[in-house]
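Just so it is clear, none of the values below were taken in a lab; they were calculated from the coordinates. Just so it is clear, the model here is predicted, and its values are computed rather than measured. Here Cβ is always computed from backbone atoms with ideal geometry, including for glycine, and neighbour counts include all displayed protein chains.
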Amino acid sequence: MGHEFDRDTDVTAVGEGEYAAELAPGWVVGGGVNGGYLLAIIGNALRETLSGKPDPIAVTAYYLAASKPGPATIRTRILRDGRGTSTVAADLSQDGTDCITVLATYGDLSTSIDDVRTTAVEPELPPLEECLPTSMAPEEIRRIAPLMSRFDLRLDPAYAGWAVGEPSGNGIIQGWFRLNDDRDPDPISLLLTVDALPPVTFDLGIPGWAPTLELSAHVRAIPAKGWLKVRHETRNLAGGMFEEDCVVWDSAGRLVAQSRQLAKAPRPQE
């Protein structure tokens with residue numbers, strides 16, 4: 001496989017409903033491996049488990065423990081195998097400890113009815129050349145979060161002031177997104193995309209690692225080739241936790257993925 005993302009999310013069948021994976025070190029952020037990357041690996045294992053239903057449609061994940069680079073085991077099981085969709089479950093473990101448990105609905109998005117009725121509004125972003133590439137981030141940040149080097153992310157300057165100590169306070173981060181080596185998006189990669197941007201708490205002036213507790217993603221369509229528009233926002237931070245809503249639009253102007261996650265807020269720096 002030629003693309004970095006495909007190599008790093010590959011799984012190998014080692015038994016009935018059991019797969020081996022190697023969690024690559026380049027997908028680490030903060031205190032562990034990125035949750036969206038892990039979801040994409042599990043997504044591949046579930047795809048291999050099913051026949052004729054290659055696409056995640058609804059995926060809910062609970063993060064039980066932080067993962068680390070190295071070997072991992074994924075165990076899958078089919079709960080219901082229907083005509084158009086199937087319900088499946090999976091657990092990812094390392095060293096005998098369950099790290100993530102997932103419940104998902106899979107189907108074939110290529111057979112979806114072409115009928116779209118929406119009041120959703122596509123995010124407005126400045127042109128690519130006017131947005132800020134994460135490659136400009138300080139060396140210390142890129143060292144803590146090698147994940148940032150796995151894709152090309154161009155942040156909207158209106159919500160990137162946190163990088164220079166001037167957060168907008170709106171709880172929004174948005175930008176243009178594309179995987180390395182011009183790897184075009186697909187339904188599996190969208191499971192990464194919904195969790196790839198920095199936490200929206202950065203825009204609230206609270207930098208730091210924000211571990212995910214639960215993430216639910218809906219994949220609405222097979223994305224067109226090219227850049228994606230990604231927008232994350234939060235409306236409530238309370239009890240040391242915040243929700244983060246994400247929408248992903250493709251180059252054809254379609255809403256192709258949505259997600260909501262509950263995460264722990266970073267501790268304010270003294």
### Task
Note the direction-averaged projected area, equal to a quarter of the hull surface, for the Cα convex hull of the chain, in nm².
14.6 nm²
### Message
Could you work out the percent of alpha carbon pairs in the stretch 24-137 separated by over 21 Å, rounded to a whole number?
### Response
52 percent
### Message
What distance in nm separates the two pseudo spin-label positions at Arg267 and Asp245, each 7 Å out from Cα along the beta-carbon direction?
### Response
3.1 nm
### Query
Which shape class applies to the stretch 118-195: rounded if a/c is under 1.5, otherwise prolate when a/b exceeds b/c and oblate if not, where a ≥ b ≥ c are the square roots of the Cα gyration tensor eigenvalues?
oblate
#### Entry: In the stretch 90-146, GluC sites (Glu not before Pro) in a DSSP loop with at most 15 other beta-carbon atoms within 10 Å
Glu124
### Task
Can you tell me the alpha carbon radius of gyration of the stretch 15-60 divided by the globular rule-of-thumb value 2.2 N^0.38 Å?
1.30
### Query
So, counting K/R as plus one and D/E as minus one, what does the shell of residues with Cβ under 13 Å around Ser168 add up to?
-4
### Message
If you filter the stretch 168-270 for trypsin sites (Lys or Arg not before Pro), then keep DSSP loop positions with at most 13 other Cβ within 10 Å, what is left?
### Response
Lys225, Arg235
#### Entry: Within the stretch 30-96, trypsin sites (Lys or Arg not before Pro) in DSSP loop having at most 10 other beta-carbon neighbours inside 10 Å
Arg83
### Task
Pick out which of Gln174, Gln258, Gln94 has the largest mean-square fluctuation in a Gaussian network model of the chain, springs linking Cα atoms closer than 10 Å.
Gln94
### Message
Run lengths n ≥ 4 of DSSP H only: what is the helix-derived mean residue ellipticity at 222 nm for the chain, with -39500 (n - 2.57) per run over all residues, to the nearest 500?
### Response
-3500 deg cm²/dmol
### Summary
For the stretch 158-270, Rg(Cα) over 2.2 N^0.38 Å is 1.07
#### Entry: Inter-label distance, nm, simple model (7 Å from Cα along the C-beta direction), Arg7/Ser51
3.3 nm
#### Entry: Charge sum, other residues only, whose C-beta stays under 12 Å from Thr60's C-beta, Lys/Arg counted +1 and Asp/Glu -1
0
### Task
May I ask for the net charge around Glu22, where only other residues with Cβ less than 11 Å from the Cβ of Glu22 are counted and Lys, Arg are +1 while Asp, Glu are -1?
-1
### Task
Name the shape class, rounded, prolate or oblate, that the alpha-carbon gyration tensor gives for the stretch 73-124, where a ≥ b ≥ c are the square roots of its eigenvalues, rounded holds for a/c under 1.5, and otherwise prolate holds if a/b is larger than b/c and oblate otherwise.
oblate
### Task
Among Ala210, Gly82, Thr60, pick out the residue whose Cα is farthest towards the positive end of the charge dipole of the chain, where Lys and Arg carry +1 and Asp and Glu carry -1 on C-beta, about the Cα centre.
Gly82
### Message
For a Förster distance of 22 Å, can you work out the FRET efficiency between the beta-carbons of Ile141 and Asp98, rounded to the nearest 0.05?
### Response
0.10
## Note on the structure
Residue span Asn170 to Ala224: 0.36 nm per residue of separation minus Cα-Cα distance leaves a gain in nm of 16.4 nm
